[in-house]
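The values are calculated or read from the model by the stated rules, or taken from the named source; none is laboratory data. Fair warning: this is a prediction, and the values are worked out from it, not measured in the lab. Note that each Cβ is placed from the backbone with ideal geometry, even for glycine, and that neighbours are counted across all protein chains shown. The accessibility values were calculated without ligands, DNA or RNA, using every heavy atom of the protein model including side chains. Shrake-Rupley method; radii C 1.70, N 1.55, O 1.52, S 1.80 Å.
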Amino acid sequence: MKHLALLKSYLGFHLIPRLSNIVPESCLLIVVGLLVGGLIKLARENVPPVLDSQLFFLCLLPPIILDAGYFLPIRPFMENLGTILMFAVVGTLWNAFFVGGLLFALCQIPQAGLDIGLLPCLLFGSIISAVDPVAVLAVFEEIHINELLHILVFGESLLNDAVTVVLYHLFEEFSEVGSVTVLDGFLGVISFFIVALGGVLVGAIYGFLAAFTSRFTSHTRVIEPLFVFVYSYMAYLSAEMFHLSGIMALIACGAVMRPYVEANISHKSHTTIKYFLKMWSSVSETLIFIFLGVATVEGHHRWNWIFVTATVILCLVARVIGVGGLTYVINKFRIVKLTTKDQFIIAYGGLRGAIAFSLGFLLNKSFEMREIFLAAIITVIFFTVFVQGMTIKPLVELLAVKKKQEAKRSINEEIHTQFLDHLLTGIEDICGHYGHHHWKDKLNRFNKKYVKKFLIAGERSKEPQLIAFYHKMEMKQAIQLVESGGGSKLPSAMPSTVSMQNIQPKHQPAPPKPTERVLPQLPKSREEEIRKILRTNLQRTRQRLHSYNRHTLVVDPDENAFKDLILKKQKMIELDRKIKEMTMYLTVPAPHQGSPTMSRARLASGRNTDFIPAQQQKGNTKSSDPQAYNIKPASDAMPVIQVDLASPQSPDSVNLLDEIGKADQEEEQGLMMKPPPGLSGSDKHGERIVVNPTDNVSVPSE
Amino acid sequence: MGAKQTRSEHDHQDLVEKTGFSVEQIQNLHKRFQQLSGNEETISREHLKSVPALANNPIRMQIIEAFFDKRNQHGNELGSYETIGFEEFLMVMSHFRPPTLRTTTEEKETMRKEKVRFLFNMHDTDGDGKITLAEYRKVVEELLSKSGTIEQEAARAIADAAMLEVASTNVPNMGPDDFYEGITFEHFEQILKDLEMESRMHIRFLHVNTTKVHCGK
C-alpha cells in the first residue's frame, strides 16, 4: 500500500508538469493520502492507524531534520541568530498563549457549547502554535526566496521545537493536576533552558565524537557515511531519552560535525552522505504527508464548527500580530532591517504540519477533548498547507520579493569575504569595542589553533579556508569542462578568450617565464582524476567519431568527411589544450601524497596512484623524476605538449590522440588518422602534439 | 575645561554633518581617539600598531595604511599623511556606517560605492587607479600570511585565477596579444556586486555614552 501510494504520487506529480507549478508537492501528497485512505476505508471497516506517533518521531522525522541540520548554511544562520531566536521562542510563546487564552475565553461563552478548561486550552495552544519544519521545507523549497527570509522562517521552525516540547509536557502534566502555581511557572522557564541548551549540548558532543572518529577512517573509507548517520541518530535518541529537544540535538550534531568530517572523508563518502540524506529525507517527507492524508480519513475526530473556525482564525491573527510586534522590537537591534514585505512573508510562511498532528495524537486516549483537538489540528494543517502553500508562490511574485541568488561563488567573492572579515575585525579593534566580529574572529582562531588540529587528520588541518575553497573550485571546473563534451568553449562560467597570457605582465624578468608559461606540474592525483574523466568522456566521443567513420570514410573517403574527422581531432586537441589551460590554475604544488585533499581527489579505485605520468608534459624542470624529460623552451611561449618517443608507455597514461588512434585501429583496420606533426595541432597557439610512432598508422591518400 | 568643551562640541556639530554620525557616537569615538593617541591631537602609525588586538590580524598593515590614505578623505588628493587628526580618523570610520531604515535606494547606492571605493583604495597601493596583478598577489599573500607556512606559489595561483576571472567577466573578448592592465574601479564594482557591500561592510557604532574603556595598552 505504501509503495503504491509513493509510486502513484511521484508518477502523477512529475508527469503533469503544469500541476507542479500551481500545487506544491506537499498538497498533492496529502491528496494522495486522502485517496488511499478512502480506498482502504472502502475496502475494509477501519483504517489502521498508520501515523503512529512512535513511527513518526523515531523514524520519519529524524532524516528530514538531519538533512536540514547537516546542510544548514551556518553563516547566515549565525548572523541572524538573535532574530531567529526571538521568533522561535517569544513568537511561539505568544502564539500559544494567545490562541489558548482566547479559545478559553470563547469556551466561557455559553452559546458556544464548549466546555474546556483553561489548561487544556493552553495545551492545545501549545500544540498548534509551532511552525513546522517539514511543511516549511516542503513549501519554501519551491519558491526560491532570498536567503535571509528562508533562513529566518526555517530557523524559527527548527528552534521552536524546544519551546514546544517544554510547553507540551508542562501543560499536559498540569492538565492532569488541574492547577498551576507560580513556582510551577518558574520551573517551567528553567526547564526550557535545560531542554534547549541540553539538546544542543548533547548534539554538539556527538558531533565532536563523529568528527573525531572520522579522523581515523582513512583505511575504512567505505563505512565513513555510516558514522555520520549513526552518531546523528544516537544524538537524537539520547536527547529524546532525557526529554531534551531532539531536533536541536540533531541540528547541533550535524552543524558541528560537518566542517571537520568533510575535511576528513573521501570524496565518494561525501557524495554518498549527500545523496543518502536527500533520499531519506525525501522519502520521509512523502510518507509523512501521505500518512497525514490517511489519518484524516481514519476518523477519531469530532467536528465542532465553532472550535475549528475559531482556531483557524485565531492562529492567523496570532501569527500576524506576533510577527509584526516582534519585528518592531527586533528592528531596533538589527542592522539590516526587516521590511513590511519581509514581515508579510514571514507571517505567511508560518505553516503547521505533521508535528502538531503527532503531538495531538500522542495525547492520552482518555483525554476527552482529544478528538475535537485532532479535528481542529488537521483543519489548521490543511488550511496552512493548502491555502497558504498554494498561494505563497504567486504572492511572492506579486510582491516582487527578492529571490534567491544563484550561488555561483567566485574566487573573488571568497577572497573579499575573508578580507572583509579581517578588515571589520581590525576596525572593531581600533574602535575598541568587542563586537560581533571580534568574537567571531576569536572563535575562528581558537578553532584553527586547537580544534582543527584535534579533529582533522593530516595535512588538511593546516589548510586555510581560502586554499580549500580554491581546490574545490578547480576540481569543479575541471570536471565541468570535460563533462560539457569538451566543446570548443569553456563552460559558460568563462565564455571568453581571456587566458593567462593576457594578464601576465609582458615585461616580467625572464626567469619566472619558463615556469609560468610551460606547463606547471599538476598534482598527481588530480591529473589522475582528470585523465580518468577524459577517458570516460572519450568513450562517448569515440562513439560519435565512429559513426562518422563507418558511414563515410569506409565507403568513400571524400574530402568533407576527411575534413570533419580532422575537425573532430582538432576539437580533441582543443579540449586537451583547454584542460591544460585550465590547469594553469592548478599551479598549487601538490602537498605530499598522504594529504586528504589529494586523497579525496583520488578516485579510490584501489589502483596505485603514484605512477609518474610519463607521456604527459612535465612543467617542473626541477623535477628529479627519472622518467621526466626536458622541455624545449617554447617558441612562442605557449604550453607545449611533447611526448617522449622512446619512453615505454605506462599503462595508465592517456594520450588523447593515442586513444583515438587505438580505437580506430581496433574497429577499422587500416583506416586510421595520424595527424602528422605540423598538420594537426597547429592552431594559433602553436601547440604541437606528437603521437607515439609505434602505433600502427596509415594515412589514406588524398 | 569649559571653553574646550564648547569648542569641541562646536567641532562635533560640523562633523555630524560631514560624516553622518550622531553626536554621541562622535563623542565616543573621540574618547577612543584620545585613548589611542595618548591624549594628543594626532595619531601616527605607531599608535595604531600598538593596539594589541591587531597583532593577530593578517591585513594589519593595510588597515593601518587605510587610515593614513588621503584618498579616503573624500577629497581628490593622493598620497598619505604622516599623522592624522580626529577629523580624518572620523572620516575613515564613516565608511563603516550601516544603512538605516530611512536610507533611500540612491543613498544606499552611494554608500555602496563609497565602501567599495574604500576597499579599492586598500588594494591599489600605488594609487594609479588600477589594481595590477602584482598588487592583487600581495593582497592574497597578506590574507594568507597568518595561516601558517603557505607557499608563495599557492597565493600567486589564487591571485592569478582571481585576476583571470575578473578579466573574463569584464572584458570577455580579448585577443591573444591584448594585455589586461589591471582591475579598474568599475570592474572591481562589477565583481563585488553580489556581495551587497552596503549591508555587509559595517560595524556597530555605540550610541550610548558608555565607552568600553578597555585599556588594551
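Within the full protein context, the accessible area of A:Tyr168 is estimated at about 10 Å² for a probe radius of 1.4 Å. Indicate the gyration tensor shape class of segment B:82-148 (rounded, prolate or oblate), computed on the Cα atoms with a ≥ b ≥ c the square roots of the eigenvalues: a/c under 1.5 is rounded; otherwise a/b larger than b/c is prolate and the rest oblate. In terms of gyration-tensor shape, prolate. Taking N as the number of residues in segment A:202-294, what is its alpha-carbon radius of gyration divided by 2.2 N^0.38 Å? Rounded to two decimals, the normalised Rg is 1.16. Can you find, among B:Pro99, B:Ile158, B:Ile131, the residue farthest towards the positive end of the dipole of segment B:93-168? Put +1 on the C-beta of Lys and Arg, -1 on that of Asp and Glu. Final value for the positive-end residue is B:Pro99.
Here the spin labels are modelled as points 7 Å beyond Cα on the Cα-Cβ line, and at A:Phe344 and B:Asp128 they lie 5.3 nm apart.
For segment B:76-84, 3J(HN,Hα) computed residue by residue from phi via the Karplus equation (6.51, -1.76, 1.60; θ = phi - 60°) reads 10, 7, 10, x, 9, 8, 8, 9, 10 Hz, glycine and proline entered as x. Spacing of the modelled spin labels on A:Phe193 and B:Ser50, each 7 Å from Cα toward Cβ, amounts to 4.2 nm. With 29 Å as the limit on Cα-Cα distance, the pairs of A:Lys404/A:Lys440; A:Lys337/A:Lys449; A:Lys274/A:Lys569; A:Lys453/A:Lys476; A:Lys472/B:Lys108; A:Lys476/B:Lys138 that go past it are A:Lys337/A:Lys449; A:Lys274/A:Lys569; A:Lys472/B:Lys108. Under 5 Å from the amide H of A:Ile145 lie the amide H atoms of A:Lys404, each residue being 5 or more positions distant or on a separate chain, with H modelled from the backbone and absent for Pro and chain starts. Applying 1/(1 + (r/R0)^6) with r as the Cβ-Cβ distance of A:Met234 and B:Lys113 and R0 = 41 angstrom yields a FRET efficiency of 0.20.
Pairs exceeding 18 Å between alpha-carbon atoms, taken from A:Lys452/B:Lys49; A:Lys452/B:Lys146; B:Lys146/B:Lys193: A:Lys452/B:Lys49; B:Lys146/B:Lys193.
Accessible surface area normalised per residue over segment B:80-206 is 43 Å², counting heavy atoms of protein chains with a 1.4 Å rolling probe. Per the Kirkwood treatment, what hydrodynamic radius in Å, one decimal, follows for segment B:1-144 from the mean inverse distance over all distinct Cα pairs? It works out to 16.7 Å. With a simple spin-label model that places each label point 7 Å from the Cα along the Cα-to-Cβ direction, the separation between B:Val171 and B:Asn76 comes to 2.6 nm. So what's Rg/Rh here for segment A:99-147, counting alpha carbon atoms and using the Kirkwood radius for Rh? My calculation of the ratio gives 1.28.
So which GluC sites (Glu not before Pro) in segment B:61-136 are both in a DSSP loop and have at most 16 other Cβ atoms within 10 Å of their Cβ? Those satisfying the criteria are B:Glu77, B:Glu82. In units of the rule-of-thumb radius 2.2 N^0.38 Å, segment A:95-185 shows an alpha carbon radius of gyration of 1.35. Express in nm, to one decimal, how much length is gained between A:Gln405 and A:Glu176 on full extension, taking 0.36 nm for each residue of separation and deducting their alpha carbon distance. Computed gain between A:Gln405 and A:Glu176 is 77.3 nm. Residue separation of A:Trp439 and A:Glu397 scaled by 0.36 nm, minus their Cα-Cα distance, works out to 11.2 nm of gained length. Computed with a 1.4 Å probe over protein heavy atoms only, the accessible area of A:Lys278 comes to about 90 Å². Of the heavy-atom accessible surface of segment A:274-382 (probe 1.4 angstrom), what whole percent is carbon and sulfur? It is 69 percent, rounded to a whole number.
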